[in-house]
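The values are calculated or read from the model by the stated rules, or taken from the named source; none is laboratory data. This structure is a prediction, so every number in the text was calculated from the model and none was measured. Positions of Cβ are generated from backbone atoms using ideal geometry, with glycine treated the same way; all protein chains shown enter the neighbour counts.
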Amino acid sequence: MIKKDIKNFSFGKTQYFLKKNKFQSFRAKQITNWLRKKNVSSFEEMKNLPKKLIDFLKNNFFISNIEIKDFQKSEIDDTVKFLFQLSDNQEIEGVLIPSKNNRITACISTQVACILSCKFCATGQLKFQRNLFFHEIYEQVFILNEKAKEIFGKHLSNIVIMGMGEPLLNYENTMEAIDLMMSEKEGLGISHQRITLSTVGISDGIKQLADDNFKCNLAISLHTANEIKRKHITNSKDNLDEIKDSIEYFYEKTKKRITYEYILFDKFNDSLEDAKKLANFCKISPCKINLIEYNPTNNDIFSKSTEKNTKKFMDFLSDKNLIVNLRKSKGQDILASCGQLANSKK
Ligand code: SAH
C-alpha cells in the first residue's frame, strides 16, 4: 500500500479516518497538534498516543518535512533568506525581514516557481513545477517563526505572501494555509491584520476573495497602469479593465483598503505621465501605494529609477493626496528578491 502524507489531512479528515478505523476521534486533535504546533518529524514523538495507534499511523502514513537546504544573512540589513527543500526535492524560498520598528516579517512562497514569468522577477526565470500543498505553505511560516526566535529572539510579527509563485493561482491551498496561520486552536494564532497576500492581479481570484470575506490585507503588484507596458512585463492574462472590475467588486464587498505595489524602473514606468495614469487608476477605491526600489536580477533588461525621478514620481502622487510609501529593497547582497536564491543554485 502506498503511504499517504499525514500532513495533507485536515483535522476533520483525520478525525474521520480514525473513526473509520475504530480509533477514538479525539486523538485527531492530539495528532494535528503534534504536526501543526510542534512540527514533529516522526510518529514516535507523538508521546500521548497509544502504541497501537502509532503503529497504525506508521503503516498508513508518512510525515513530510521541509528541510532548510541553505541560508544567507545580509551584512547590510540582517535580512535572512532560506532555501527550503520539499519532500519531493523541489526547492522554494522564504525570507525573514527584520525592520527598525522591532518587527520581523516572514515572506513565504505558494508555488514552486511561477507561470507568470514577469520579466523583472528572478522566479519568472525558473520553470514552473507545481502548486504547494496547504501544509507546505503553513510549514514555512512555522519554521520561519522558530528561526525568528533563534536568530532575533522574537516571534514573527507579520507574514507577507510575496515569495515564489502566484497565490491566487493556488487559491485553495493558500486559503487553507492562511486559516491555519490564524487559528489559535490548530495553528499559530496570527491576526489577520498581520497577514498580506500579494497578487499580480488575477481578477477571478480577487472576486473570490471578496465572496469568501477575505480578512487579511490585499496587495496588487500593478507596476504600471498602462496596458501595453503591463503586457510587456508580465504574461498574466487579465487586462487592466478586468482587474479594475474585480477591485471595485472587492471594495464593495469588503470595504477594505488595498495596496498597490509599484516597482520603479528607469525610463520604463517612472515618468510623470506614468504617475498620472497610476493616480487615475487609484480612483477605483481607497488605497495605498508602495513604490518599490528595483532589486536587480541576473539577466537585466531593467534598471532602477534614479533618485531624482523617484522623488518626482512620489511627490506627484502625494500632491494628489494619495498615501505613498517608498520601500527600499532589502537584502541586496544576498539575492533576497523573489526567486534569486533558488536561481543562483541552478
Ligand atoms: N505573484 C505575486 C507574489 C510574488 S511577487 C505578485 O505578483 O504579487 C512579490 C512581489 O515582489 C511583487 O510585487 C513583485 O513585483 C516583487 N518583485 C519581484 N521581483 C522583484 C525585484 N527584482 N525587485 C523588486 N521587487 C520584485
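Quick one: would you say Ser303 is at pLDDT below 95, farther than 19 Å from Leu116 by Cα and in the same structural domain as Lys330 (by TED's automatic domain parsing)? Judged against the criteria, Ser303 is a match.
Count of region 146-195 residues, restricted to those that are under 21 Å from Lys81 (Cα atoms) and aromatic (Phe, Trp, Tyr), is 1. Can you say whether Lys256 is among the basic types (Lys, Arg) and within 13 Å of the ligand (Cβ to nearest atom), as far as the supplied structure shows? No; evaluated as a whole, the condition is false for this residue.
Residues that are part of a helix (DSSP H, G or I) and more than 17 Å from Gln208 (Cα to Cα) within region 246-272 comprise just one, Leu272. Here Ala177 meets the list (1) more than 21 Å from Glu252 (Cα to Cα); (2) part of a loop (DSSP other than H, G, I, E, B); (3) within 16 Å of the ligand (Cβ to nearest atom); (4) of a type in the set (A, V, I, L, M, F, W, C) almost entirely, failing just condition (2). The listed residues are Thr174, Thr196, and the only one of them that is crowded, with 23+ Cβ neighbours inside 10 Å and more than 14 Å from Gly94 (Cα to Cα) turns out to be Thr174. Considering only residues in region 39-59 that are in contact (Cβ under 8 Å) with a residue 24 or more places away in the chain and touching a helix residue (DSSP H, G or I) at 6+ places or on another chain (Cβ under 8 Å), the one that is nearest to Ile137 (Cα to Cα) turns out to be Asn39. Residue pairs whose Cβ atoms lie under 7 Å apart, separated by 6 or more positions or on different chains, with the first residue in region 153-169 and in the same structural domain as Ala210 (by TED's automatic domain parsing) and the second near the ligand (Cβ under 8 Å from one of its atoms) and in a helix (DSSP H, G or I), are Ile161/Pro167; Met164/Thr123. Candidates Ile66, Ile54, Ile108, Ile92: the one that is away from the ligand (no atom under 16 Å from the Cβ), modelled with pLDDT of 95 or more and closer than 24 Å to Thr196 by Cβ is Ile66. Of all residues in region 210-230, those satisfying the criterion of being surrounded by fewer than 18 Cβ atoms within 10 Å (Cβ to Cβ), within 23 Å of the chain's Cα centre (by Cα) and of a type in the set (D, E, K, R) are Asp211, Asp212, Lys215.
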